[in-house]
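Here's the structure we're looking at; comments come further down.
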Amino acid sequence: MNFSTVLAVLSALVVSVVPQAASESASPSIILTNDNFAQDVSEGTWFIKFYSPKCGYSKKLAPIWTELTNQVSQTASSKGVSFGEVDCLQNGETCDSNQVDGYPTLFLYINGKKIEEYPGANNYDDLLQYVNKLY
């Protein structure tokens, strides 16, 4: 087998694997930034994760958050509940103005007003129970 054949086979494998991997890790959680936070959160109910990609606790919550939002997003969306996340390293202004003092921090907003900080443990079952009470 020559080099160009091997390269073609490897390219085909990469193309067939990458879309699947990307869709598995995708989350219906909306990426919120300094530019879109106020506008997006101004209407409806939002459960928002503020995190740092360098924080071990944020890294531990990431797959749980993705699983949760994938599981409940359709029902939540039909009931007016949205999920968002803010990378505080990239969007420090938003995190500062929302009094985020540790990572991860989860806040509930209704029509742009911060209602409460999530009071439970950062595990799937507790998060699911909290979200189910929102609708």
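The values are calculated or read from the model by the stated rules, or taken from the named source; none is laboratory data. All values reported here derive from a predicted model rather than from experimental measurement. Here the Cβ positions follow ideal geometry from the backbone for every residue, glycine too, while neighbour counts run over all protein chains shown.
For residues that are loosely packed, with under 12 Cβ neighbours inside 10 Å and polar (S, T, N, Q), tally how many sit in region 98-122.
Number of matching residues: 2.
Tell me yes or no: at least one residue of region 75-88 is on the phi < 0 side of the Ramachandran plot, surrounded by 20 or more Cβ atoms within 10 Å (Cβ to Cβ), among the aromatic types (Phe, Trp, Tyr) and more than 11 Å from the chain's Cα centre (by Cα).
No, every residue in region 75-88 fails to be on the phi < 0 side of the Ramachandran plot, surrounded by 20 or more Cβ atoms within 10 Å (Cβ to Cβ), among the aromatic types (Phe, Trp, Tyr) and more than 11 Å from the chain's Cα centre (by Cα).
In the set Gln90, Gln99, which member is farther than 18 Å from Asp40 by Cα, out of contact with any helix residue (DSSP H, G or I) (no Cβ under 9 Å at 6 or more places or on another chain) and not aliphatic (A, V, I, L, M)?
Numbers: Gln90 fails: farther than 18 Å from Asp40 by Cα.
The match here is Gln99.
Considering only region 84-118, state which residues are closer than 17 Å to Asp35 by Cα and in contact with a strand residue (DSSP E or B) (Cβ under 8 Å, 6 or more places away or on another chain). Steps first, answer last, please.
Residues of region 84-118 closer than 17 Å to Asp35 by Cα: 84-98, 112.
Answer for region 84-118, where residues must be closer than 17 Å to Asp35 by Cα and in contact with a strand residue (DSSP E or B) (Cβ under 8 Å, 6 or more places away or on another chain): Gly84, Glu85, Val86, Asp87, Cys88, Asn91, Thr94, Cys95, Asn98.
For (1) modelled with pLDDT under 95; (2) more than 20 Å from Gly112 (Cα to Cα), each residue gets a yes or a no:
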| residue | (1), (2) |
| --- | --- |
| Val9 | yes, yes |
| Val14 | yes, yes |
| Ser25 | yes, yes |
| Ile30 | no, no |
| Thr33 | no, no |
| Pro53 | no, yes |
| Ile64 | no, yes |
| Val72 | no, yes |
